[in-house]
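Report on one structure; see the data block that follows.
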Amino acid sequence: MSSFFENALHKGKSAGKKAKLKAEILLLERTITSRKKQFGIDLYQDLQDITCQQEFYATSDQTIATIRPELLSLDREIRALDAKRLKAKGNLDLAEAMKREAFPAPASNWKERAANVGKGASMVANETKIKAELKVINAQMLALKESFGINLYPILENLFGTSASPISVHSSTDEVVNRIRERYQTCKADIIEINRKMIQKEAMIDQLDIESSLRNVSGS
């Protein structure tokens, strides 16, 4: 095989490898975003009750003071959506009960079956509408929690710097702060590992470029 065809074959293989590595890097970038979203979901699960506690507003702790605006904004929106969710769930329970009452026994003849079809169709349509509304509400709540994580992560990164070690516990607020630090540190460790994999793949792309350059020089 001539050097021309060898170089062409090598370029083709190199381009394929680089495309695959770039796709993997893109996937890892998305994984970082997903991890921050999960951070928001987990952290809100931990913190949702403290907005009802006096210590949350009275403390001067820097960590609590930093997250307070973001958390209160999220909590207001979540509680508003939760009220809508509970209302929709009540409407669904009522619709299902009405359907059970409307059809206490199976139809005994074709006339009853025909009548049930029309009546049942409207009831099923109503249930389907309510279920779709519930899905939208749940999706909105999830999206808010995910945005909370994406927005809060860089704020905590700036606050904690290189260390988010636990503090001494003297109050319930200190326990909350340590929970925040733990959640953040776990998320940060995961992101560092993802970034390490990205750097490795970027180095592999650079190496492929170097090999291609050397082959071009030797073949010229």
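The values are calculated or read from the model by the stated rules, or taken from the named source; none is laboratory data. Keep in mind it's a predicted model, so treat the numbers as computed, not measured. So basically every Cβ, Gly included, is an ideal-geometry build from the backbone, and we count neighbours across all protein chains shown. The accessibility values were calculated without ligands, DNA or RNA, using every heavy atom of the protein model including side chains. Shrake-Rupley method; radii C 1.70, N 1.55, O 1.52, S 1.80 Å.
Of note:
- When the alpha carbon gyration tensor of segment 29-81 is reduced to an equivalent ellipsoid, the three semi-axes, largest first, read 23, 14, 9 Å.
- Were the residues from ALA121 through ASP190 laid out at 0.36 nm apart, the gain over their Cα-Cα distance would be 19.9 nm.
- Theoretical FRET efficiency, 1/(1+(r/R0)^6), r = Cβ-Cβ of ILE150 and LEU214, R0 35 Å, to 0.05: 0.25
- The Rg/Rh ratio for segment 135-220 is 1.28, where Rg is the radius of gyration of the alpha carbons and Rh is the Kirkwood radius.
- Net +/- balance of residues flanking ASN195 in space, Cβ distance below 15 Å, scoring K and R +1, D and E -1: +1
- Above-threshold pairs, the threshold being 27 Å between Cα atoms, out of LYS37/LYS84; LYS20/LYS135; LYS17/LYS145; LYS84/LYS188; LYS22/LYS188; LYS13/LYS37: LYS20/LYS135; LYS17/LYS145; LYS84/LYS188; LYS13/LYS37
- Label sites at GLU101 and ASP46, each approximated as a point 7 angstrom past Cα along Cα to Cβ, lie 4.7 nm apart.
- Exposure check, 1.4 Å probe, all protein chains in place: LYS13 carries approximately 120 Å² of accessible surface.
- With 0.36 nm allotted per residue and the present C-alpha distance subtracted, the LEU26-GLN140 stretch has 38.4 nm of extension available.
- Protein-only accessible surface at a 1.4 angstrom probe places the residues THR173, THR162 in the order THR162, THR173, largest first.
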